[in-house]
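**Q** Take a look at this one; I'll ask things after.
What follows draws every value from the coordinates through simple rules; no lab data is involved. Here the structure is a predicted model, which is why all the values come from computation and not from measurement. Every residue, glycine as well, gets a Cβ built from its backbone with ideal geometry; the counts of neighbours run over all protein chains shown.
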Amino acid sequence: MEANELISTVQSLEPAATLRDKVDRPAMSVPKESVPALMRRLRDEPALSFDMLCAHTAIDWHNENRIELVYQLYSTKHRHYLAVFVSLLRDMPVVTSVSDVWRIAEWQEREVYDMFGVLYRSHPDLRRILLDDDWKGFPLRKDYKDEFMLEAPK
Amino acid sequence: MSAITVTSLDERIRRSIGADGGASTTQEYFVNMGPQHPSTHGVLRLVLKLDGENVREVIPVLGYIHRGVEKMGEHLSYRQFVHLTDRLDYLSALANNWAVAKAVEKAANIETNERIETIRTIVAELQRIASHQLWWGVFGMDLGAFTPFLYGFRDREKISDILEETIGARLTMNYIQPGGVMFDIHPDFQRKVKEFLTYFRPKLEEYETLLTQNVIVQERMRGVGVLTAEKAVSMGATGPVLRASGVAHDLRRSEPYGVYAKAAFDVPVGRNGDCWDRYWVRIEEIRQSMRIIEQLIDNIPEGKHLVVKPAVRTKVPEGIHYSQVETARGIFGVMLVSDGKDVPYRIHVRTPNFNNLWTVTETAPGWRVADLVTIISSLDIVVPDIDR
Amino acid sequence: MGLITEKLPGIIEPVPGGSVLLSSMDAVINWARSNSLWPLTFGTSCCAIEVMMASGAARHDLARFGAEVTRPSPRQADLLVIAGTIVRKMAPRLKLLYEQMAEPRYVIATGSCAISGGPFIYNNYSTVRGADEIIPVDVYVPGCPPRPEGFFYGILQLQRLIREGESIRRPGERRKPVLAALPAGITLDQIQAELRELLESKAQVKLGASATAGRG
Amino acid sequence: MSSWEVKTIAQRAAEAMPESVLAGAGYVLLAVGFAAAFMALMGMALIYAERKVAAHFQCRLGPMRVGPHGIFQTVADTIKLLFKEDIVPSQSDKLLHLFAPYLSMMATLLALLVLPMSPVVQIADMNIGVLYVTAVTGFGVLGVLLAGWSSNNKWSLLGAMRAGAQIISYEVSATMALLVVVMFSGSMQLSKIVESQAEGWWIWRAPVIGLVSFVIFLIASLAEISRTPFDLPEGESELTAGFHTEYSGLRFAMFFLAEFINMFIVAGMAATLFLGGWMPFHIGGFDTFNSVMDLLPPGAWFSLKSGLVVFLIMWFRWTFPRLRVDQLMKLEWKILLPIGFVNLFAAAASVVFGWYFFPIR
């Protein structure tokens, strides 16, 4: 499916979705309330059938006080990509889990929790994945400080 | 809004104990496989719920080699970040370099030439063969046959030699960089690659005789650890693991980069998604890689090997840039988030093994400990690639 | 020179920790130990491919040095090759592995990660800067990763260290003294007292309390 | 045809005893010393051989640095293991933990006592030799089970349980195969069995039946001594080190040594029962040929034959992967045992009707 056709199809599913610019592949910003329902439709809609969640990660826009989640979707049937962006408040990043839509989301969301502290509602097993269970802080946030870290000499 | 609770590993295990409400009559117990265990290929830890020899549940515990590469990437220039990708999946170092190089080139509008792309394709395919050779050897070792390991390495050394001559390193190559390759190929490169191809073809038959056709190997692989296509896709598996399940998704074919579009090759696809298919797909991929190299090795066009001076700190325009390549294990993707400076604002690497590993939680339960080893080995995991 | 020490076969040497080694016997034991370094199958990252796998494979063949018997159980291994990065989550496990190994145990740190943290020093919240922050290391092999030949050089250096009895080990660490049968009527304490006298007269230094406390 | 006079060390001791207690005691000491020294030296030699054989299978050299071609490699290993710290895990069953390796070693040593290596080099020659060997080798599993249990380690226990199931199952098949030879030679005494092959070895003298039972015996014994492809109890890639995970130093060396001597015993038994033991290669009736064969002393014949079987066992180890537990059991109960039974009946018939070469009328 062509990029603009893809975007209009997604917009027909979720009117609140807007185009996310400065991304080199079809990308949409959606409100966080629509996440699980829209994702399920993206997967099940025959014209879209995004059956694979390639990667799920986050970007910490420290200065704008928000964390932006990225869902990179791929359809093995139609061979097209879509990136879905969801903005969350940095102080209370809560979103509903999509682990029942794509199995792999369970672990990718755990990683995002581990690194950014994003909390997932109705996640089956939310705990740290890469760091120790008793780790303090979320390292990939821009303001993460740690007595262990060394600054590179200029 | 219900409260979100964050649990710990202990709680996870405790939950698993009571999962069947004490319905089972036999005593179930937990064992730790790893972090130091011969067949977890590094420092992967699996908490196994066993009933006698039968695996009831697998809980992978990651992070024993989590090195914080993504955080470091936010402080390094794009050129500097390339060398960190070597150390993720060190068996496909060149493909990993390529992913970063591709992302930067696309973002900063750097035009490479045919020579660069051909060299990149050839070295990446050579390393794919080397990676599969190593996997084949270790797979044999995990099944209990030690000799394949040495045979695999014997032939891998030949590739290491060829690459070392051109690149200067045996493992962490750091060769493909934004705007070209570090060095031009060695004058002997083409001759030696051709020599290797003629040397290796009969050796591949030897592999088949030693391991593939062995009755015990067949018995231990066929029907073991079946991963259906639907599950494989839903779990985001890529590479040979996905293709063995019957989904012909190969980036080299579906969205060709480098000069793959010029080369004729087949994408081997399995039927059942069991260990045997994963084994067969990889062995077949070695053959296809040899085919690709054969077609390209005599047609390396003339040109410069580097179009950007290596010292330049490339500035990438603001925005989000993706690129992905097909490594020996699956899709390695890089997401660059740039704010217009010469260091990335955020860099995310999507590694194939992270997703591939989790299929073990789906395929292993119901099989025995020995099968679990086979299944893990057939996934061909590299632990630093999982943990980053 | 006292009476007692002359009666014993070989030359008596004091070792850190206050135990006594008889060096004629010691030479044989050290020869055996240096030639039979069984490594633990342990590798965390890239270096494992070069150091544990490629060096054991056909081209380089670690077996020539008698070190191909990789033991999966730390109880039976003599040599812990730290092949790869050690991160903060792994550090306690590495210490545990080291403690599970039976004395005498030797440690080779291979690659820049195990020596100093390598490329992962700055802006990194996870990587330990050198394995010697956790466990004592005998030999360092630089490289990223070192070639198998480099690792062999490290093994040869370790063999030399063992033969010379120069194990870089801090006093007071668990170490089993090797004792030949003592002549009748002589106790270990007597030998030690005499040795201390001998040492003090030579070196003109008072030995600390650790010299007596560490006797196994 | 020259005849061999069998005289075991036990017989010599018994003969010497009435005249001089000292001489008798001397023979007993000789026997004990011989067994112990043989075990240590043979173990070292076999470990060295294994490492060299493996190396040459795998296109490499193997130990090269300690002595010429590394022949002192295992000496160094032994000395090192002798002086290595002996760890007893704090949560283990200490008594059993200390005791288990001795048990394993003892079983091996006991089996070694009756092995006829030449007409004069045999410590004891019981009239129930075959039965005795079967009994004491089965005894070794106790050591393994105790080791696994007392270590208080789940991997050890898994290994020990595998070993228990495996050894007990395969003993059945091994015994079936032995019975065939017992039936043919009409005796359980090992020296008698060897002498019964003066006209030809049972592996070819009893057509097909001998070969089949040789193969069954070899497979079953490989499983009994846990060699690849049946090395499940210590399968490295699965159970770290199996039942001896928690053993270090000398005690680990005992398990190691017992394993290799067991291999020699299996080879020796296979040679004795099917390949004529120390008996030279004879074909009944061809006296000239036979006398040429007699030029080589019986001890050399035994070494050659058992060496061949040892090499065969090593060859298996460096070629085959490991079986899975259920496949292992399937192989025994559904394949080997039925074949063994049929073979046994065939052997019975062929003994009764004399359907074998050079039958004794």
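**Q** For segment B:153-312, build the charge dipole from Cβ charges (+1 Lys, Arg; -1 Asp, Glu) around the Cα centre, then report which of B:Leu242, B:Phe153, B:Gln218 sits farthest towards its positive end.
**A** Among B:Leu242, B:Phe153, B:Gln218, the one farthest towards the positive end of the dipole of segment B:153-312 is B:Leu242.
**Q** Just counting partner chain Cβ atoms within 10 Å, what average do the residues of peptide C:85-97 show around their Cβ?
**A** The mean count of partner-chain Cβ atoms within 10 Å per residue comes to 5.
**Q** Sticking with this one: Can you give the charge dipole size of segment D:241-361 about its Cα centre, rounded to the nearest 20 debye, using +1 on the beta carbon of Lys and Arg and -1 on the beta carbon of Asp and Glu?
**A** That gives a dipole near 300 debye.
**Q** If you don't mind, another one. Which of D:Gly284, D:Gly33, D:Gly129 moves most in a GNM of chain D, Cα contacts under 10 Å?
**A** It is D:Gly33.
**Q** Can you give me the relative contact order of chain D as a percent, contacts being Cα pairs under 8 Å and 6 or more apart?
**A** 21
**Q** Taking only Cα atoms and a 10 Å spring cutoff, compute GNM fluctuations for chain B and point out the largest among B:Ser234, B:Ser92, B:Ser77.
**A** Highest fluctuation among the options: B:Ser234.
**Q** On average, how many beta carbons from a partner chain sit within 10 Å of the beta carbon of a residue in D:241-247?
**A** That works out to 4 on average.
**Q** Another question, if that's okay. Could you order the peptides C:84-97, B:333-346 from most to least packed, using the average number of other C-beta atoms within 10 Å per residue?
**A** The densest-packed peptide leads the list: C:84-97, B:333-346.
**Q** Follow-up. Report relative contact order for segment A:3-91 in percent, whole number only (criteria: Cα-Cα under 8 Å, sequence separation at least 6).
**A** For segment A:3-91, the relative contact order is 26 percent.
**Q** Which aspartates and glutamates does D:Lys192 reach when only Cα atoms under 19 Å apart count, and residues fewer than 8 places away in its own chain are ignored?
**A** Of all the aspartates and glutamates, those that pass the test against D:Lys192 - Cα under 19 Å, at least 8 places apart if same chain - are D:Glu5, D:Asp125, D:Asp294.
**Q** Quick check for me: using +1 on Lys/Arg Cβ and -1 on Asp/Glu Cβ, what's the dipole size of chain D about its Cα centre, in debye to the nearest 20?
**A** Computed about the Cα centre, the dipole is about 620 debye.
**Q** Turning to a different aspect of this structure: With the cut-off at 1.5 for a/c, could you classify segment B:227-378 from its C-alpha gyration tensor as rounded, prolate or oblate?
**A** Oblate, since a/c reaches 1.5 and b/c is not below a/b.
**Q** In addition: Any idea which of D:Met161, D:Leu190, D:Gln122 is furthest toward the positive side of the dipole for segment D:85-215, if Lys and Arg beta-carbons carry +1 and Asp and Glu beta-carbons -1?
**A** D:Met161
**Q** Could you please state, rounded to a whole Å, how far the C-alpha centre of segment D:303-355 is from the C-alpha centre of segment B:91-137?
**A** Cα centroid to Cα centroid, the span is 51 Å.
**Q** Which is farthest toward the positive dipole end of segment B:219-373 among B:Ala261, B:Val343, B:Ile300, measuring Cα position about the Cα centre, with Cβ charges +1 (Lys, Arg) and -1 (Asp, Glu)?
**A** Of the candidates, B:Val343 comes out farthest on the positive side.
**Q** Helix-only estimate, please: 222 nm mean residue ellipticity of chain D, summing -39500 (n - 2.57) across DSSP H runs of length 4 or more and dividing by its residues, to the nearest 500.
**A** Taken over chain D, the calculation gives -21500 deg cm²/dmol.
**Q** Just from the alpha-carbon atoms, what are the Rg and Dmax of segment A:3-91 in angstroms?
**A** 12.6, 40
**Q** What do you get for the angle between helix D:94-112 and the principal long axis of chain D? Use alpha-carbon atoms, 0 to 90 degrees, nearest ten.
**A** Computed tilt is about 20 degrees.
**Q** Using a basic spin-label model with each label point 7 Å from the Cα along Cα→Cβ, how many nm lie between B:Leu197 and C:Ala27?
**A** 6.0
**Q** Rank by packing, highest mean first: peptides A:120-127, B:98-105, with packing defined as the count of other Cβ atoms within 10 Å averaged across residues.
**A** By packing density, highest mean first, the sequence is B:98-105, A:120-127.
**Q** Where a ≥ b ≥ c are the square roots of the eigenvalues of the C-alpha gyration tensor, would you call segment B:175-247 rounded, which needs a/c under 1.5, or, failing that, prolate if a/b is larger than b/c, or oblate?
**A** oblate
**Q** Additional query: Averaging sequence separations of C-alpha pairs under 8 Å and six or more residues apart, then dividing by the length of chain A, give the relative contact order as a whole percent.
**A** 18
**Q** Okay, moving on. Say the cut-off is 30 Å between C-alpha atoms; which of A:Lys142/B:Lys304; C:Lys89/D:Lys154; B:Lys49/B:Lys231; B:Lys71/B:Lys192; D:Lys84/D:Lys305 go over it?
**A** The pairs that break the limit, which is 30 Å between Cα atoms, are A:Lys142/B:Lys304; B:Lys71/B:Lys192; D:Lys84/D:Lys305.
**Q** To continue, here is another question. How would you rank B:Val226, D:Val352, going from fewest to most other Cβ atoms within 10 Å of each one's own Cβ?
**A** In increasing order of surrounding Cβ atoms, one gets D:Val352, B:Val226.
**Q** Going by Cα centres, segment D:172-238 and segment D:104-162 are how many Å apart?
**A** The distance from the Cα centre of segment D:172-238 to that of segment D:104-162 comes to 16 Å.
**Q** Another question, then. Among the DSSP beta bridges whose two residues both lie in the protein assembly as shown, what percent are antiparallel, rounded to the nearest 5?
**A** Roughly 75 percent of the DSSP beta bridges within the protein assembly as shown come out antiparallel.
**Q** If you count, for every residue in C:46-52, the Cβ atoms of partner chains within 10 Å of its Cβ, what is the mean?
**A** Average per residue, whole number: 5.
**Q** A further question on this structure: Does segment B:114-270 come out rounded, prolate or oblate, given a ≥ b ≥ c as the square roots of the eigenvalues of its C-alpha gyration tensor, rounded meaning a/c under 1.5 and, failing that, prolate meaning a/b above b/c?
**A** Because a/c hits 1.5 or more and a/b fails to exceed b/c, segment B:114-270 counts as oblate.
**Q** Something else: Picking from D:Gln11, D:Gln166, D:Gln122, which is most flexible by a Gaussian network model of chain D using Cα springs under 10 Å?
**A** D:Gln11
**Q** Straight distance only, please: which lysines reach the Cα of B:Lys309 with their own Cα at less than 25 Å, same-chain residues fewer than 8 apart left out?
**A** Within the straight-line limit of under 25 Å, B:Lys309 reaches these lysines: A:Lys154, B:Lys102, B:Lys106, B:Lys341.
**Q** If you line up the Cα atoms of the protein assembly as shown on their principal axes, what length do they span on each, largest first, in Å?
**A** 111, 88, 68
**Q** Moving on to the next point. Which aspartates and glutamates, if any, have their Cα less than 16 Å from the Cα of D:Lys52, not counting same-chain residues under 8 positions apart?
**A** C:Asp61, C:Glu68, D:Asp77
**Q** Please identify the GluC sites (Glu not before Pro) of segment A:93-154 that satisfy two criteria: DSSP loop assignment and at most 15 other Cβ atoms within 10 Å. Which are they?
**A** A:Glu147, A:Glu151
**Q** Taking the Cα centre of the protein assembly as shown as origin, work out the dipole magnitude from +1 charges on Lys and Arg Cβ and -1 charges on Asp and Glu Cβ, in debye rounded to 20.
**A** The dipole of the protein assembly as shown has a size of about 680 debye.
**Q** Let me ask something additional. Between segment D:30-71 and segment B:250-289, what is the separation of their alpha carbon centroids in Å?
**A** Here the answer is 46 Å between Cα centres.
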